[in-house]
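Asker: Got a structure here, written out as structure tokens. Questions coming.
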Amino acid sequence: MSRFPQLQPFGELPAPSGALLSDLARILGPDAISVSPQDRLEASRDMWPRAILWRRKGLYPPAPQAVLYPSHAEDAARIFRWASERGIPVVPVGGRSGVLGGVVALEAGALAVDTRRLADLDPPDRERMEATVGAGVLGADFESMLEREGFTLGHAPASIGGSTVGGWIATRSAGQNSSRYGKIEDMVVELECVLGTGEIVHPARPTPGTDWVELFCGSEGSLGLVTRATFRIWPRPAVSRFRAWRFPRIENALDAMREILQSGARPSVLRLYDPIDTLLSFPPWGEGEGAPRRPPGLRELWPRTPRPVPLRRLWNFALWDPRALNGLARLRRSAVLVLGHEGEAWEVEAEARAAAEVCARSEGKDLGPAPGERWMRHRWESARHFPTVFEMGGWVDTLELAIGWGGVARLYHAVRKAVAPHAFCMAHFSHAYPDGCSIYFTFLGAAEDPDRGLGQHEATWAAALAAARDEGATLSHHHGVGLQKAAWLEQELGDEGMGVLRALRRACDPAGILNPGKFET
Amino acid sequence: MIEEIGSIDEAAMWIEIPSTVSVWRVEERLRTRGLTLGPQPPSVLRRTVREWLEGPNAGRWVEGGRLACCAAAIKVRLDDGSVVRTLPAPRSAMGPSIAHVFLGSQGSRGEILWAVLRAQRLRRRSVEIAYEGPPRTLAAWLQQECRRIEPPRGAEIVGGNPAVLSLLFSADTELERARATAAADAARAFGLGRAETPGLAASERDWESEVPADAWESLLSAIPAGHRVWLTRIARETAVAVTSEVTGRHLPVMVEPSLELEPLAERLGQALRLH
């Protein structure tokens, strides 16, 4: 039911026309254009698992005619005006760490606009406690600069090493400290944005009336290209402290999370692992102050290198029908919650004491600081293991939903039940707010036969999103929409909401050149 | 006609309401359940939910020290009679937040019919600390206290040199009480002197102005000696100053809307009419 790109077998890419290249060279200068096959292929994809499975079949989404590298907003404005006059599609591309095909063009003939030369990275404004940064700067470079200056943005997504600031804004990204600092849309003070018309605008907060920042955040390059952003920043915390708790059931832990946040506390980490994730990451024999196991990593689910063929076959066999593996959840019901507190000493101590009281009231058993400290040291690891899963002939994908507190447990069980016949499923709850929470599901399937794997992948998504819709959840918390969820957008917004989105696009990009096909069913 | 306030989702602290209900009635209803919309300027409480959400305040409240929108979802009737309804969620990344096409739009893009508003727990106890000193130093202290995750819930300023600044904190929890103590420590570190809290003053509060944080020093300096100004809905970036008409004449109006986005707003209005 999703709208997917016209796939092409791997082969020589058609050369762009000389007229197009000379026009672009006149607009941008020859150094800001690449027609190399490697650059064009790289710009045509992100980390979308479905596209990785297509590649296993030797099929690729359409590559752009050329990759353009604007250095400032005026470059992008000239490109957009020129492309609008000719009706040439333009697809913005950043770090390509998205997982939903947001940068994948539906048809051949597009131009890719790579943001990585929008690389302003000036020291922060200490007086205002704000930092302005180019959209093409890698998240890790931005945070490192802030760290050197004694600040933090408070945004630490798992993709921080490969995602750009512009990509964060385009998808409404969330980081591991979102419970304290919010999501990226909560952090923006001002954007510099080039509309499809070539106008350069600067939506800012606070301003009376319409908050245009809310409209450009999450627009995935379909309303305009964000070229620069100003964020509120925070002093680096003086103190941080972790504590983990084991709860007899997931519902006890969710009650504790809600109570902590509604009391006004803002822990920097509030991360609950479901029973399967807990079983793999915090086994009962590893509890205690000094002997926690490492945090969740898909290595736990997959044979280590060297990977013997029989073992690989066994795993793939098990994953073709994952109901037995999903039954692991019945072996143990307990769930581990990792809490992190940061700030000044007085607030860390008071907050940790208050949170401990709440956890104890919800039947939590104190595991001490070690599991959380270890999580902190290894927190970037799980995403690094995703390629291994594909190398082993499997597939892995993730889905992030959100819902008010009253529906969180029900949503969790409904999605698990719906997905159980199609994929091995585990989850954690890592972005929590006073009114609700996100659930981050990880799905694992077999794909030694790519066609069967693609079918299993499609069935998993359809089952999961239908269950989430029926429970009243929003179908994306921080990955965005891309192509993978595009068909489900109408389910969430309705026909009238889609009309509003189309009107917004017409206002910002009357020629319809920006990332066409996105936000359409 | 009495409009019925809909259900309250106590787990999520969401209240569902028709937009014709007054904000004050919503607040009254929430308080019966131990909830509140949080500190709001008097003009907001006098308005209907629709006027609040469509007006320049755009349904704003303070959450985690940040100025945010308290509408978790809205239902809007467009010019052609069709109805757009957004989904209540703590946060979402299903594209741009289309609710913001209508919030703060003065009704020019559609009529908000219904909303799900976020609430927060009503605080039962509070503590007030007051310090005096030069307006400039008091403004620096205020700014520092608003750059924490939880800013003060309210402030009162008595003009003069020295001026007096009194900050109001919730005190229901140990964390909140520690927060107030830290603010007092910071005031002493600024070299400010302890003062008596100004106490209740009979005054009309019919003048309001949004004041960005970088103008707080100007605000404190402009208040005539002995005159009082209250700050409410205090966030890191902005607060609403409230005072009497008489005192307000001495104070500058600080926030001007940007005109840069007017052409885009115009095109959006046209595109919606063609919808």
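Asker: Could you tell me whether A:ASP435 is touching a Pro at 6+ places or on another chain (Cβ under 7 Å), under 30 Å from B:GLU63 (Cα atoms) and not hydroxyl-bearing (Ser, Thr, Tyr)? Lay out the reasoning, then the answer.
Answerer: On the way: touching a Pro at 6+ places or on another chain (Cβ under 7 Å): yes; under 30 Å from B:GLU63 (Cα atoms): yes; not hydroxyl-bearing (Ser, Thr, Tyr): yes.
For A:ASP435, the condition - touching a Pro at 6+ places or on another chain (Cβ under 7 Å), under 30 Å from B:GLU63 (Cα atoms) and not hydroxyl-bearing (Ser, Thr, Tyr) - is met.
Asker: Tell me, yes or no, whether region B:165-177 has at least one residue that is over 27 Å from A:ARG205 (Cβ atoms), touching a Leu at 6+ places or on another chain (Cβ under 9 Å) and more than 13 Å from every other protein chain (Cβ to nearest Cβ).
Answerer: no
Asker: Got a sec? Which of A:GLU363, A:GLU373, A:GLU344 is more than 14 Å from every other protein chain (Cβ to nearest Cβ), in contact (Cβ under 8 Å) with a residue 12 or more places away in the chain and under 26 Å from B:ALA178 (Cβ atoms)?
Answerer: Details: A:GLU363 fails: under 26 Å from B:ALA178 (Cβ atoms); A:GLU344 fails: more than 14 Å from every other protein chain (Cβ to nearest Cβ).
Of A:GLU363, A:GLU373, A:GLU344, the one residue that is more than 14 Å from every other protein chain (Cβ to nearest Cβ), in contact (Cβ under 8 Å) with a residue 12 or more places away in the chain and under 26 Å from B:ALA178 (Cβ atoms) is A:GLU373.
Asker: Being farther than 25 Å from A:TRP488 by Cα, facing chain A (nearest Cβ under 9 Å) and among the polar types (S, T, N, Q) is the filter; apply it to region B:54-112 and report the residue that is surrounded by the most Cβ atoms within 10 Å (Cβ to Cβ).
Answerer: Of everything passing the filter in region B:54-112, B:ASN57 is surrounded by the most Cβ atoms within 10 Å (Cβ to Cβ).
One line per residue, one yes/no per condition, for (1) surrounded by 24 or more Cβ atoms within 10 Å (Cβ to Cβ); (2) within 14 Å of another protein chain (Cβ to nearest Cβ); (3) in a strand (DSSP E or B); (4) touching a strand residue (DSSP E or B) at 6+ places or on another chain (Cβ under 9 Å):
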| site | (1), (2), (3), (4) |
| --- | --- |
| A:LEU399 | yes, yes, yes, yes |
| A:ALA402 | yes, yes, yes, yes |
| A:GLY406 | no, yes, no, yes |
| A:ALA414 | no, no, no, no |
| A:MET426 | yes, no, yes, yes |
| A:SER438 | yes, yes, yes, yes |
| A:ASP451 | no, no, no, no |
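Asker: Still on this structure: What number of residues in region A:130-151 are buried (at least 19 other Cβ atoms within 10 Å of the Cβ) and touching a residue at least 60 places away in the same chain (Cβ under 8 Å)?
Answerer: Summing the residues that are buried (at least 19 other Cβ atoms within 10 Å of the Cβ) and touching a residue at least 60 places away in the same chain (Cβ under 8 Å) in region A:130-151 gives 6.
Asker: Just need a number here: residues in region A:489-512 that are of a type outside the set (D, E, K, R), part of a helix (DSSP H, G or I) and more than 8 Å from every other protein chain (Cβ to nearest Cβ).
Answerer: Step one: of region A:489-512, the residues of a type outside the set (D, E, K, R) are A:489, A:491, A:493-494, A:497-501, A:503-504, A:507-508, A:510-512.
Pick out the ones that are also part of a helix (DSSP H, G or I) and you get A:489, A:491, A:493-494, A:497-501, A:503-504, A:507-508.
Then keep just the ones that are more than 8 Å from every other protein chain (Cβ to nearest Cβ); that gives A:491, A:498.
So the count comes out to 2.
Asker: To continue, here is another question. Looking only at region A:18-27, decide whether some residue is within 13 Å of A:LEU111 (Cα to Cα), at pLDDT 90 or above and under 33 Å from the mean Cα position of the chain (by Cα).
Answerer: Yes, because at least one residue in region A:18-27 is within 13 Å of A:LEU111 (Cα to Cα), at pLDDT 90 or above and under 33 Å from the mean Cα position of the chain (by Cα).
Asker: I would also like to ask the following. One residue is enough: does region A:189-212 have a residue meeting the conditions within 19 Å of the chain's Cα centre (by Cα) and at pLDDT 95 or above? Steps first, answer last, please.
Answerer: Keep residues of region A:189-212 that are within 19 Å of the chain's Cα centre (by Cα), which gives none.
No, there is no match, as no residue in region A:189-212 is within 19 Å of the chain's Cα centre (by Cα) and at pLDDT 95 or above.
Asker: Here's another thing I want to ask about it. Give me the pairs, please: first residue somewhere in region A:196-207 and closer than 21 Å to A:ARG78 by Cβ and more than 7 Å from every other protein chain (Cβ to nearest Cβ), second residue anywhere and of a type in the set (Asp, Glu) and buried (at least 21 other Cβ atoms within 10 Å of the Cβ), beta-carbon distance under 6 Å, and either six or more positions apart or on two chains.
Answerer: Final answer for the pair search is A:GLY196/A:ASP509.
Asker: Which residues, taken from region A:208-238, are more than 10 Å from chain B (Cβ to nearest Cβ) and not hydrophobic (A, V, I, L, M, F, W, C)?
Answerer: A:GLY221, A:THR227, A:ARG228, A:THR230, A:ARG236, A:PRO237
Asker: I'd like to check something: does region A:91-107 contain any residue that is assigned to a helix (DSSP H, G or I) and either aliphatic (A, V, I, L, M) or more than 16 Å from A:GLN6 (Cα to Cα) (or both)? Spell out how you get there, then give the answer.
Answerer: Restricting attention to region A:91-107, the residues satisfying the condition of being assigned to a helix (DSSP H, G or I) are none.
Checking region A:91-107: not a single residue is assigned to a helix (DSSP H, G or I) and either aliphatic (A, V, I, L, M) or more than 16 Å from A:GLN6 (Cα to Cα) (or both).
Asker: I'm trying to understand the selection: among the residues of region A:467-488, which are within 20 Å of the chain's Cα centre (by Cα) and more than 7 Å from chain B (Cβ to nearest Cβ)? Quick ask: steps written out before the conclusion?
Answerer: Within region A:467-488, the subset within 20 Å of the chain's Cα centre (by Cα) is A:468-469, A:473-488.
Answer for region A:467-488, where residues must be within 20 Å of the chain's Cα centre (by Cα) and more than 7 Å from chain B (Cβ to nearest Cβ): A:ALA468, A:ARG469, A:ALA473, A:GLY482, A:LEU483, A:GLN484, A:LYS485, A:ALA486, A:ALA487, A:TRP488.
Asker: Give, as residue ranges, the helices (runs of 4 or more DSSP H) completely inside region A:133-189 that count at least 1 residues that are small (Gly, Ala, Ser) and away from chain B (no Cβ under 14 Å).
Answerer: Values: elements: A:139-148, A:165-171, A:178-181, A:184-187.
So the answer is A:139-148, A:165-171.
Asker: Anything in region A:244-282 that is in a helix (DSSP H, G or I) and aliphatic (A, V, I, L, M)? List them, or say none. Talk me through it step by step, then tell me what you get.
Answerer: Step one: of region A:244-282, the residues in a helix (DSSP H, G or I) are A:250-262, A:275-281.
Correct list: A:ILE250, A:ALA253, A:LEU254, A:ALA256, A:MET257, A:ILE260, A:LEU261, A:ILE276, A:LEU279, A:LEU280.
Asker: State yes or no: is A:TRP380 touching a residue at least 24 places away in the same chain (Cβ under 8 Å), aromatic (Phe, Trp, Tyr) and buried (at least 24 other Cβ atoms within 10 Å of the Cβ)? Quick ask: steps written out before the conclusion?
Answerer: Details: touching a residue at least 24 places away in the same chain (Cβ under 8 Å): yes; aromatic (Phe, Trp, Tyr): yes; buried (at least 24 other Cβ atoms within 10 Å of the Cβ): no.
When the stated conditions are applied, A:TRP380 does not pass them.
Asker: Search region B:231-256 for residues that are within 11 Å of chain A (Cβ to nearest Cβ) and pair each with any residue that is among the aromatic types (Phe, Trp, Tyr) when their beta-carbon atoms are under 7 Å apart and the residues are at least 6 apart or on different chains.
Answerer: Taking only residues 6 or more apart or on different chains, the pairs are B:ARG233/B:TRP61.
Asker: I've got another one for you. Show the residue pairs that are 6+ apart or on different chains and have beta-carbon atoms under 8 Å apart, the first residue being within region B:54-69 and without any contact (Cβ under 8 Å) to a residue 60 or more places away in the chain, the second being part of a strand (DSSP E or B) and of a type in the set (Val, Ile, Thr).
Answerer: Pairs found: B:GLU54/B:ILE112; B:ALA68/B:VAL62.
Asker: Condition first: surrounded by fewer than 23 Cβ atoms within 10 Å (Cβ to Cβ) and in contact with a helix residue (DSSP H, G or I) (Cβ under 6 Å, 6 or more places away or on another chain). Can you find one or more residues in region A:206-224 that meet it?
Answerer: no
Asker: On to the next question. I need the full set of residues from region A:467-476 which are outside any helix (DSSP H, G or I) and surrounded by fewer than 19 Cβ atoms within 10 Å (Cβ to Cβ), in order please. Don't jump to the end; show me each part of the working.
Answerer: Start the filter on region A:467-476 by keeping residues that are outside any helix (DSSP H, G or I), which leaves A:472-476.
A:GLY472 - this is the single residue of region A:467-476 that is outside any helix (DSSP H, G or I) and surrounded by fewer than 19 Cβ atoms within 10 Å (Cβ to Cβ).
Asker: Would you mind finding the one in B:GLU266, B:GLU210, B:GLU204, B:GLU196 that is at pLDDT 90 or above, surrounded by fewer than 20 Cβ atoms within 10 Å (Cβ to Cβ) and either closer than 19 Å to B:LEU45 by Cβ or not assigned by TED's automatic domain parsing to the domain that holds B:ILE149 (or both)?
Answerer: On the way: B:GLU210 fails: surrounded by fewer than 20 Cβ atoms within 10 Å (Cβ to Cβ); B:GLU204 fails: at pLDDT 90 or above; B:GLU196 fails: either closer than 19 Å to B:LEU45 by Cβ or not assigned by TED's automatic domain parsing to the domain that holds B:ILE149 (or both).
The match here is B:GLU266.
Asker: Given the structure, is B:ARG228 of a type outside the set (S, T, N, Q), under 23 Å from B:ALA68 (Cβ atoms), surrounded by 15 or more Cβ atoms within 10 Å (Cβ to Cβ) and touching a residue at least 24 places away in the same chain (Cβ under 8 Å)? Break it down into steps so the answer makes sense when it comes.
Answerer: Details: of a type outside the set (S, T, N, Q): yes; under 23 Å from B:ALA68 (Cβ atoms): no; surrounded by 15 or more Cβ atoms within 10 Å (Cβ to Cβ): yes; touching a residue at least 24 places away in the same chain (Cβ under 8 Å): yes.
Against the criterion (of a type outside the set (S, T, N, Q), under 23 Å from B:ALA68 (Cβ atoms), surrounded by 15 or more Cβ atoms within 10 Å (Cβ to Cβ) and touching a residue at least 24 places away in the same chain (Cβ under 8 Å)), B:ARG228 does not qualify.
Asker: Moving on to the next point. Need at least 3 residues that are under 22 Å from the mean Cα position of the chain (by Cα) and closer than 28 Å to A:GLU342 by Cβ per element, so show me which strands (runs of 3 or more DSSP E) inside region B:83-178 make the cut, counting only ones lying wholly within it.
Answerer: Working: elements: B:83-85, B:111-118, B:126-133, B:154-158, B:163-170.
In region B:83-178, B:126-133, B:163-170 are the strands (runs of 3 or more DSSP E) which contain 3 or more residues that are under 22 Å from the mean Cα position of the chain (by Cα) and closer than 28 Å to A:GLU342 by Cβ.
Asker: Residues in region A:30-51 that are over 30 Å from the mean Cα position of the chain (by Cα) and at pLDDT below 95: how many?
Answerer: If we filter region A:30-51 for residues that are over 30 Å from the mean Cα position of the chain (by Cα), which is where we start, we get A:30-31.
Then keep just the ones that are at pLDDT below 95; that gives A:30.
Adding up the residues that qualify gives 1.
Asker: Look through region B:178-193, keep the residues that are within 10 Å of another protein chain (Cβ to nearest Cβ) and aliphatic (A, V, I, L, M), and return whichever of them is surrounded by the most Cβ atoms within 10 Å (Cβ to Cβ). Spell out the reasoning first.
Answerer: If we filter region B:178-193 for residues that are within 10 Å of another protein chain (Cβ to nearest Cβ), which is where we start, we get B:178-179, B:181-182, B:185.
After this cut, where a residue has to be aliphatic (A, V, I, L, M) as well, the list is B:178, B:182.
Details: B:ALA178: 21, B:ALA182: 19.
Among them, the one singled out is B:ALA178.
Asker: Pick from A:ALA464, A:ALA432, A:ALA418: which is surrounded by 19 or more Cβ atoms within 10 Å (Cβ to Cβ), touching a residue at least 60 places away in the same chain (Cβ under 8 Å) and more than 17 Å from the chain's Cα centre (by Cα)? Before you say what the answer is, go through the steps one by one.
Answerer: Working: A:ALA432 fails: more than 17 Å from the chain's Cα centre (by Cα); A:ALA418 fails: touching a residue at least 60 places away in the same chain (Cβ under 8 Å).
On inspection, the qualifying residue turns out to be A:ALA464.
Asker: Give the residues of region B:146-173 that are surrounded by 23 or more Cβ atoms within 10 Å (Cβ to Cβ) and of a type in the set (D, E, K, R), sorted by residue number.
Answerer: Those that are surrounded by 23 or more Cβ atoms within 10 Å (Cβ to Cβ) and of a type in the set (D, E, K, R): none in region B:146-173.
The values are calculated or read from the model by the stated rules, or taken from the named source; none is laboratory data. Values in this document were obtained by computation on a predicted structure and should not be read as measured data. Counting neighbours? That spans all protein chains shown, and the Cβs are built from the backbone with ideal geometry, glycine included.
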